[in-house]
Amino acid sequence: MNLEQWFDKGMTPEEYIKNMSAHKENTEAIRKGFKIPREDVDVLNRLGDQSLRVIAITEDWCGDAMLNIPILLTVAEAANLDVRMILRDENLELMDQYLTNGTSRAIPIFIFIDKEGQEKLVWGPRAPMVKKIVDDERAKLPPRDHELFPEKQKEMIQRLTSQYIKDRRVWEEVYESLKTSLVQNVLM
């Protein structure tokens, strides 16, 4: 399938959120809490002039998706971009074309396409600052074969989830990374 067909196959953000079984409240809280800076309205209007559409490869259980999806949707609304959600686990044929570091099925992945269905930008799964936060947390974990690894990993995920939900600086970093990527790859 080409990207146009994948876009057509995707569900609307409203369908995705309605059917969420994990992180729904957190996703909605970030979406309600995040605001586009006033000084960026012109940039987003210029993006809207590009007739971009977005394929978001995601899963509702994913903490990074919980953080990034509501920011993407806020940007999309402000820039008048049409978004479709594709569930990773049901669509590995698409996911495997966008592996992180060539090996990882990390999500979310945002594929921005033009009106002809041509790829213009791929963003994800994390903003650089968020990647550093996660890498720093992972560095504190014991080895995978250590008896405390499952417990410590669960605690790490809880800390990250809490930070993703509450720390507006993290939201702003995701937004800035997404905006910068769009400006550099679409508007320049």
(Q) Could you check the spin-label model distance between residue 39 and residue 162? Points 7 Å from the Cα along Cα→Cβ, value in nm. (A) 3.3 nm
Q) Cα axis of helix 24-33 to longest principal axis of the chain: angle in degrees, 0 to 90, nearest 10? A) 60 degrees
Q: Could you list, in their original order, any pairs among 35/152; 131/152; 35/179 whose Cα atoms are separated by more than 24 Å?
A: 35/152
Q.
Helix 63-79 against the longest principal axis of the chain: what's the angle in degrees, Cα atoms only, rounded to the nearest 10?
A. 20 degrees
Q. Rounded if a/c is under 1.5, else prolate if a/b is larger than b/c, else oblate: which is segment 1-142, with a ≥ b ≥ c the root eigenvalues of its Cα gyration tensor?
A. rounded
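Which FRET efficiency value, to the nearest 0.05, is calculated for residue 134 and residue 187 with the Förster distance at 45 angstrom and r the Cβ-Cβ distance?
0.95
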Q: Report relative contact order for segment 86-162 in percent, whole number only (criteria: Cα-Cα under 8 Å, sequence separation at least 6).
A: 15 percent
Q: Starting at the first residue of segment 85-99, write each ³J(HN,Hα) from the Karplus equation 6.51 cos²θ - 1.76 cosθ + 1.60 with θ = phi - 60°, in whole Hz, x for Gly and Pro.
A: 9, 10, 6, 4, 5, 9, 9, 5, 4, 6, 3, 5, 7, 10, 5
(Q) Taking the 0 to 90 degree range and rounding to the nearest ten, how far is the long axis of helix 149-166 tilted relative to the main principal axis of the chain, both from C-alpha atoms? (A) 40 degrees
Q: Could you calculate the contour length gain from residue 77 to residue 153, that is, 0.36 nm times the residue separation minus the distance between their Cα atoms, to one decimal place in nm?
A: 23.9 nm
Q) Given the rule -39500 (n - 2.57) for each run of at least 4 DSSP H residues, summed and divided by the residues of the chain, what is its mean residue ellipticity at 222 nm, to the nearest 500 deg cm²/dmol? A) -15500 deg cm²/dmol
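Computed from the coordinates by the stated procedures, all read-outs in this text should not be read as laboratory data. For clarity, every value in this text was computed on a predicted model and none was experimentally measured. Heads up, the Cβs are rebuilt from the backbone with ideal geometry, glycines too, and the neighbour counts pull from every protein chain shown.
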